[in-house]
């Protein structure tokens, strides 16, 4: 498990102020066995921590003063990890790759988006909702506390498949997906795309400024047909990328 606290939401410019990782083992049936190690470190940014970030995390300039995250210690801790799990991997992975290149070659999974929590009876995918759903609570927005909370959530069984939440997450992470971009789609049809599960990329990170969706490889033809017949109303060539746990959530994708 990995979580970062940062000075803001810009993954290219803002700075990490805290990194936490929890190392654990899991069994052949993808149930968590035990926590084996914990890493937690502050990092002093170049500029003062914004007041709204301190309000959110409780981390002050005084707490991080003089602290640096040891890159060699991070690499040593994460070297043997089979997969990195974050609760917002689209955010955490980009910071992790920027600071510590080791994470570029790791498989990643996102516990927030790769488990359909509402279908499993939860009120949403936020950590607070998930903890409440398994009868727990925690001190939110500190990296190490969020990591420990996530371990507890993924160790719990989901009632409908009668499998651990970790098993459901890893099953999704292991599957290959196709990312289909609906570039220059008609603005008036954006609600149709949102309803179908498309997400918006604002182009700030080098990706296309466009709606996109990730679908299983077997569903690629069906999704392209939907775009051609419902959105574009013509035969159009679409940008399609193969996604897996190595490049999913990475800025390199």
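Observations, loosely collected:
- Exposure proxy shown here: for 24, 249, the number of other Cβ atoms within 10 Å sets the order, fewest to most, as 24, 249.
- As a length-normalised measure over Cα pairs under 8 Å and 6 or more apart, the relative contact order of the stretch 44-154 settles at 19 percent.
- Taking 0.36 nm per residue of separation and subtracting the Cα-Cα distance, full extension of the segment from residue 134 to residue 160 would add 7.9 nm.
- Among 34, 104, 46, the largest mean-square fluctuation in a Gaussian network model of the chain (Cα springs under 10 Å) belongs to 46.
- Site pair residue 176 and residue 229 shows an inter-label distance of 2.6 nm when each label is modelled 7 Å from Cα along Cα→Cβ.
- Beta bridges by DSSP in the chain, antiparallel share as percent, to the nearest 5: 90
- Hull volume per residue, based on the alpha-carbon atoms of the stretch 110-253 and their convex hull, is 137 Å³.
- By the equivalent-ellipsoid construction on the alpha carbon gyration tensor, the stretch 2-173 comes out with semi-axes of 27, 18, 14 Å, ordered largest to smallest.
- With a Förster radius of 22 Å applied to the C-beta separation of residue 216 and residue 13, the computed FRET efficiency comes to 0.05.
- Entry note, the chain: relative contact order of 18 percent, from Cα contacts under 8 Å with a spacing of 6+ residues.
- Helix 89-99 and the longest principal axis of the Cα set of the chain meet at an angle near 60°.
- The fewest-to-most ranking of 212, 198 by surrounding Cβ atoms within 10 Å reads 212, 198.
- Remark: the residue 54-residue 209 segment gains 52.6 nm on full extension, using 0.36 nm per residue and subtracting the alpha carbon distance.
- Placing a label point 7 Å from the Cα of residue 118 along the Cα-to-Cβ line, the residues of the stretch 163-201 whose backbone N sits under 16 Å from it are 191-200.
- Relative packing of peptides 4-10, 55-61 - highest average C-beta neighbours within 10 Å first: 4-10, 55-61
- This ranking places 211, 181 by how few other beta-carbon atoms lie within 10 Å of each, fewest first, which gives 181, 211.
- Taking the helices alone, the chain has a mean residue ellipticity at 222 nm of -8000 deg cm²/dmol, built from -39,500 (n - 2.57) per DSSP H run of at least 4 residues and averaged over all its residues.
None of the figures in this text is laboratory data; all of them are computed from the coordinates on show. In this text the structure is predicted, and so the values were computed from the model without any measurement. Positions of Cβ are generated from backbone atoms using ideal geometry, with glycine treated the same way; all protein chains shown enter the neighbour counts.
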